[in-house]
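Written below as structure tokens is the structure these notes are about.
The values are calculated or read from the model by the stated rules, or taken from the named source; none is laboratory data. Computed from a prediction, not measured in an experiment: that's the story for all the values here. Positions of Cβ are backbone-derived with ideal geometry, glycine not excepted, and every protein chain shown enters the neighbour counts.
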Amino acid sequence: MTHRQVTIIGTGPAGLTAALYAGRANLTPLVIEGIEKGGQLMLTTAVDNYPGFRDGIMGPDLMEEMRVQAGRFGADFVEGDVTALDLSQRPFRVSVGKTEFFTDALILATGASAKWLELGVDKQLSGKGVSTCATCDGFFFRGRDIAVVGGGDTAMEETIYLSKLAKTVTVIHRRDSLRASKVMQDKAMSMPNVRFLWNSEVVDIKDPAQNMVTGLVVRNVLTGSLTDLAVDGVFIAIGHIPNTRLVAGQLDLDAGGYIVTHDGSRTSVPGVFAAGDVQDHIYRQAVTAAGSGCMAAIDAERFLSGVALETPSVGSLADAHP
């Protein structure tokens, strides 16, 4: 039986930051790669908005730097997906295939997966004109013609943000009306460079041969007619799915399936903490995920020390930052 003080599931910015802080507290954290090793930044090319990299950094390179840094402070990594969790008693049981680990504190940083159009080419051109995050990648499309796919609040938020950067924004929606709140609809529709293609869906993205987006093929769902739309980029905003399958029925989740946290990163089960996109459906940024990973590690260290939330422990992890 392998027993650890802290186990972290997930190796995106939240999980790796938690591993760094837990390692600095001499907790020797066990880090299980989990779903989508490296997180969504593994699908991103240039990251220009992570502090400390004035010339930007490639998403996979940033994740590798964070992984090596966490390892420097004693984090141990296990490859593979977690197949089962038992949070009914401490130590908690974490199963990776036939291997079982037991842990006194658990940090969940499994993230959320963006919904794709399932065209194949959309994932192929991810980071090369196809994006699921306007605040991450919108800067690269200043003065360009772009499209947003979706009709909910997220899609309208993306549209409003992108309208301030792009030359034109075309919203493509399967229905003849938006699902977004009225205030979001009104704001998006008031933007002079935003137009809407109703009753339409994207059926193809050009041009994988050029390794970049040059246009879309759009189908009218009522007539079946196909139209070519020339754009330099497309933002898919049809939602995210939090990776919470393993904790469903064991932790409190909100209506969207995200882990509910309180008093920092605490969940409904004492000793279990959550960080990053698995509990944050609002900001979804690498820097906010990293910040919540720091919070989770501090909360876990205080929990293991038997220290109340509002009372920092002497010489604790909370005091370990420069």
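Look through region 267-277, keep the residues that are within 19 Å of the chain's Cα centre (by Cα) and over 12 Å from Ala18 (Cβ atoms), and return whichever of them is modelled with the highest pLDDT.
Thr267
Can you find a residue in region 180-193 that is in contact with a strand residue (DSSP E or B) (Cβ under 6 Å, 6 or more places away or on another chain), at pLDDT 95 or above and not small (Gly, Ala, Ser)?
Yes, that holds for at least one residue.
Is region 106-115 home to any residue that is in a helix (DSSP H, G or I) and closer than 25 Å to Val203 by Cα?
There is no residue in region 106-115 that is in a helix (DSSP H, G or I) and closer than 25 Å to Val203 by Cα.
Are any of the residues in region 244-254 over 30 Å from Tyr50 (Cβ atoms) and free of Cβ contacts under 8 Å to residues at least 12 places away in the same chain?
yes
Six or more apart or on different chains, Cβ atoms under 7 Å: show the pairs whose first residue is in region 116-140 and part of a helix (DSSP H, G or I) and whose second is of a type in the set (Val, Ile, Thr).
Correct list of pairs: Val121/Ile205; Asp122/Val130; Asp122/Ile205; Asp122/Ile236; Cys136/Thr44.
Being under 19 Å from the mean Cα position of the chain (by Cα) and not in a helix (DSSP H, G or I) is the filter; apply it to region 149-163 and report the residue that is surrounded by the most Cβ atoms within 10 Å (Cβ to Cβ).
Top of the filtered list is Val149.
Regarding region 135-153, can at least one residue be identified that is in contact with a Leu (Cβ under 9 Å, 6 or more places away or on another chain) and under 30 Å from Pro91 (Cα atoms)?
The answer is no; no qualifying residue exists.
List pairs: first residue in region 281-296 and among the basic types (Lys, Arg), second residue not in a helix (DSSP H, G or I) anywhere in the structure, Cβ distance under 9 angstrom, at least six positions apart or on different chains.
Pairs found: Arg284/Ala112; Arg284/Cys133; Arg284/His240.
Name the residues in region 101-130 that are touching a strand residue (DSSP E or B) at 6+ places or on another chain (Cβ under 6 Å) and either surrounded by fewer than 18 Cβ atoms within 10 Å (Cβ to Cβ) or among the basic types (Lys, Arg) (or both), would you?
Phe102, Asp104, Ser113, Val121, listed by residue number.
Considering only residues of region 131-145 that are of a type outside the set (Asp, Glu), at pLDDT 95 or above and within 9 Å of Gly233 (Cβ to Cβ), which is surrounded by the fewest Cβ atoms within 10 Å (Cβ to Cβ)?
By that ranking, first place goes to Arg144.
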